[in-house]
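The values are calculated or read from the model by the stated rules, or taken from the named source; none is laboratory data. Since the model is a prediction, treat every value here as computed from it, not as a measurement. Here Cβ is always computed from backbone atoms with ideal geometry, including for glycine, and neighbour counts include all displayed protein chains. SASA here: full protein model, heavy atoms, side chains in, ligands and nucleic acids out. Shrake-Rupley method; radii C 1.70, N 1.55, O 1.52, S 1.80 Å.
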Amino acid sequence: MSNGCACHTQLEPEQLNEVGRIMEPYRGQPGSLIQVLHKAQNAVGYLPREVQVMVSEGLNVPLTRVYGVVSFYSFFTTKPKGKHKICVCAGTACYVRGANQLLNQLEKDYHIGPGDTSDDGQFSLDVVRCVGACGLGPVMTVDDDVYGRVHTDKLSSILEKYAKE
């Protein structure tokens, strides 16, 4: 599992410049915090500490407030996301049909847990409560593709085609 530490990131200068450009129209406007964080995350892909510090200084908002907003709202993330997003449904129907075994297999084979990104940067894993395909449980999505009746023996063949991209 990747350590997920967002405090020692090394963003590219272009990414930092883009965050600066995003913030420019909002300088000194603390009320723009969420809007700026959204735009910064869209540009960088996540909100590492160095971006949070830039936002804090640019908007004249305490860093603790910036971090509080980032950690409170689920749509913000401090960890880089993988090239492909895996979601395993853990709603009741999927759970009783083996969603937990899928999560265990992902941990074993790909060293990735919920909320993490694989060490090679290929996959991010999230657990969701329902994808609306309860009759096909356990259900997993990879990016925009939905897979039903997924069992541990199918997992590697599904993910192999994404790893090759």
### Task
Hey, can you tell me all the residues within segment 115-147 that are in a loop (DSSP other than H, G, I, E, B) and crowded, with 16+ Cβ neighbours inside 10 Å?
Asp116, Ser118, Gln122, Val131, Ala133, Gly137, Pro138, Val139
### Query
Do we have any residue at all in segment 148-165 that's on the phi > 0 side of the Ramachandran plot, surrounded by fewer than 19 Cβ atoms within 10 Å (Cβ to Cβ) and at pLDDT 95 or above?
yes
### Query
Looking only at segment 58-81, which residues are assigned to a loop (DSSP other than H, G, I, E, B) and either modelled with pLDDT of 95 or more or open to solvent by 20 Å² or more (accessible area, probe 1.4 Å) (or both)?
Asn60, Val61, Pro62, Tyr73, Ser74, Phe75, Thr77, Thr78, Lys79, Pro80, Lys81
### Query
Which one is farthest from Thr78 (Cα to Cα) among residues in segment 104-114 that are outside any helix (DSSP H, G or I) and open to solvent by 70 Å² or more (accessible area, probe 1.4 Å)?
His111
### Query
Here are some residues: Val55, Val88. Which one is part of a helix (DSSP H, G or I) and of a type outside the set (S, T, N, Q)?
Val55
